[in-house]
Amino acid sequence: MKTLWLAAALLSLGQAAHAEGDLYREPLRPQFHFSPPQQWMNDPNGLVYAAGKYHLFYQYNPYSNKWGPMHWGHATSPDLVHWKNLPIALFPDRLGAIFSGSAVVDVGNTTGFGSHAKPPLVAMFTYHDHLAEHMGGTGYQSQGLAYSLDGGTDWTKFAGNPVLKRPDIKDFRDPKVFWYAASRRWVVALATGDHIGFYSSRDLKKWVHESDFGATLGAHGGVWECPDLIEMKVEGSTELKYALLVSINPGAPNGGSATQYFIGGFDGHRFVPDPMPEGRLAADARWIDYGTDDYAGSTWSGGPPGDQRVMFIGWMNNWTYGNEVPTTRWRSAMTLPRELRMVRTPLGLELRSDPARELLALRRQAGTVAATHVSGDLDLLHAAGVPAGLLEMDLDLDMADAQEASLVLSNARGERTVLRIDRAHQSLTLERAESGNVGFNPAFAAPQAAPLAGDLARIHLHLFLDTSSVEVFANDGATVMTAVLFPSVPYDSVLLHAGQALGSVKATIHELAPVWN
């Protein structure tokens with residue numbers, strides 16, 4: 001076993017050495033999204049801000065470009081955009097593989113792992129015992145701790161692991177820990193089959209069950225995973241509420257994997273969802289992202305002094321086809337970092353997603369399209385004078401006299417992805433059946449639809465186009481869609497098509513710089 005660990009560690013160091021080189025120039029490799037130097041990646045883990053750095057740990061298989069024995073990969077960033085790859089942080093041991101979890105700075109040294117002068121960084125994660133699983137029993141998932149005294153580079157497993165176990169439950173995983181100041185206790189949210197369990201502790205080692213939530217609420221088409229309970233301020237007020245994120249697979253609105261959310265109150269013991277407004281059922285799910293490729297998202301613990309934003313990132317893939325997407329040396333990327341906001345709407349409190357403001361640093365050449373009447377096709381890149389490539393696009397569409405409009409991303413080989421606005425059905429649809437390589441899984445080519453709410457006479461679209469993905473933020477983050485794409489050559493055309501005349505179109509388009517040199 002030690003030989004395997006050493007080999008993996010050396011592999012990881014080799015990966016870091018090449019991270020800025022040829023590995024990040026491969027075809028389809030994202031240029032402003034995080035992806036691992038090599039091999040398989042899935043859920044973001046242990047998101048924590050410490051000593052001036054954002055830490056991104058992630059589910060990682062260093063031996064294959066498909067899912068396998070899980071480790072925690074590791075990268076850090078000063079700005080959520082430019083990432084430095086680091087050696088593997090956590091390896092499997094006799095208790096199992098290292099599944100998803102979270103990390104916190106134990107400022108009060110409640111664990112005793114460090115000191116008040118040098119508080120430890122503590123990770124709580126799920127052990128998965130594959131042997132026990134294959135023997136057909138339950139209780140093969142348990143929770144463990146590890147700590148770091150050097151800012152997250154070197155980690156020591158707690159000798160008393162596991163610290164939390166339920167022998168009667170198969171799916172008992174993905175701990176998200178936070179400090180609940182009112183009772184001076186740690187609280188952890190855990191996925192427990194078809195609901196979320198809440199536990200509390202004074203030292204992260206001994207845990208007491210507090211309550212359960214969700215067995216009859218929200219979407220239940222698959223297993224619940226990766227919870228995240230976040231205290232947030234309602235925009236424009238001093239009111240504080242809690243948002244509970246829960247990923248589910250399968251059961252997403254467009255098939256496979258996605259993340260739903262609930263809003264309510266938390267008193268240190270139980271989460272109580274707000275009553276649903278008229279016209280919305282208690283079982284109705286609300287979704288962070290309606291696209292097929294944003295899953296297992298979580299938020300960072302802590303941030304720079306004075307920065308109160310809630311920063312989120314997700315795995316940009318889907319379990320329906322994640323192991324089959326047509327990349328080779330590496331597989332999977334993360335979404336853009338996003339800021340979550342809580343806003344009051346006619347349908348109650350809802351979450352909104354905005355691209356992180358740190359992405360502004362990637363803007364290079366810019367061009368604009370002044371307010372213009374459009375009937376038929378408008379070549380946006382030509383009109384704005386911006387070259388094809390990595391793009392950020394802001395569009396304002398006056399659709400008072402039009403029922404439909406579409407944005408067509410394409411290349412000279414006829415491959416295209418279409419984003420279609422349909423006012424009659426109040427929907428935004430993403431079509432990728434002709435987007436490039438789609439034959440690796442029959443579900444990949446299916447259209448994806450999302451609801452559009454509010455005043456649809458004016459539509460605002462904010463898009464980010466990387467080499468193999470598009471992320472769409474519609475109407476100031478009210479509707480978000482993320483999709484991976486695999487064109488044989490990069491898209492080099494962006495056409496706005498209007499079957500009926502649009503009153504006016506305004507656009508600002510930025511060419512973006514890659515983050516990998």
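Read the figures in this text as sums done on the coordinates, not as results from a lab. Being a predicted model, the structure only gives us computed values, none of them experimental. Don't worry about glycine lacking a Cβ; one is built from the backbone with ideal geometry, like all the others, and counts go over all protein chains shown.
For helix 2-18, what angle does its Cα long axis make with the longest principal axis of the chain, in degrees from 0 to 90 and rounded to 10? Relative to the chain, helix 2-18 is tipped by roughly 30 degrees.
Counted by neighbouring Cβ atoms within 10 Å, the residues His71, His382 run from fewest to most as His382, His71. Between Asn517 and Ala181, what FRET efficiency comes out of the Förster formula 1/(1 + (r/R0)^6) with R0 = 56 Å and r the beta carbon distance, rounded to 0.05? About 0.85, to the nearest 0.05. The Cα atoms of the stretch 192-344 give a gyration tensor whose axes a ≥ b ≥ c have a/c under 1.5, which makes the shape rounded.
Multiplying the residue separation of Ala371 and Val107 by 0.36 nm and removing their Cα-Cα distance gives an extension gain of 89.8 nm. Ranking Phe99, Tyr491, Tyr321 by how far each Cα lies toward the positive end of the dipole of the chain (charges on Cβ) leaves Phe99 at the top. Charge dipole of the stretch 99-256 (Cα centre as origin; +1 on each Lys and Arg Cβ, -1 on each Asp and Glu Cβ, all else neutral): 460 debye, rounded to the nearest 20.
Highest mean packing first, where packing is the average number of other Cβ atoms within 10 Å per residue, the peptides 457-463, 133-139 line up as 457-463, 133-139. In this structure the amide hydrogen of Thr479, modeled in the peptide plane, comes within under 5 Å of the amide hydrogens of Ala474, none closer than 5 places in sequence on its chain. Here the stretch 244-268 and the stretch 92-144 have alpha carbon centers that stand 23 Å from each other. Using 0.36 nm per residue and subtracting the Cα-Cα separation, the extra length available between Lys506 and Ser211 on full extension is 101.1 nm. Our helix-only sum for the chain, with -39,500 (n - 2.57) per DSSP H run of n ≥ 4 divided by its residues, gives a mean residue ellipticity at 222 nm of -1500 deg cm²/dmol.
Quick check: from the Cα gyration tensor, does the stretch 2-355 come out rounded (a/c under 1.5), prolate or oblate? Since a/c stays below 1.5, the shape of the stretch 2-355 is classed as rounded.
If you sort the three axes of the alpha carbon gyration tensor as a ≥ b ≥ c, you get a/c of 1.5 or more for the stretch 229-315 and a/b no higher than b/c, which makes it oblate. Reducing the stretch 190-225 and the stretch 307-352 to their Cα centroids gives an inter-centroid distance of 21 Å. Between Leu347 and Asp154, the modelled labels are 5.2 nm apart [label points 7 Å from Cα along Cα→Cβ]. Distance from the Cα centroid of the stretch 353-415 to that of the stretch 151-181 is 45 Å (rounded to whole angstrom).
Spin-label pair Glu231-Asp455: with each label point 7 Å from Cα along the Cα-Cβ axis, the two points sit 3.6 nm from one another.
As a length-normalised measure over Cα pairs under 8 Å and 6 or more apart, the relative contact order of the stretch 2-355 settles at 14 percent.
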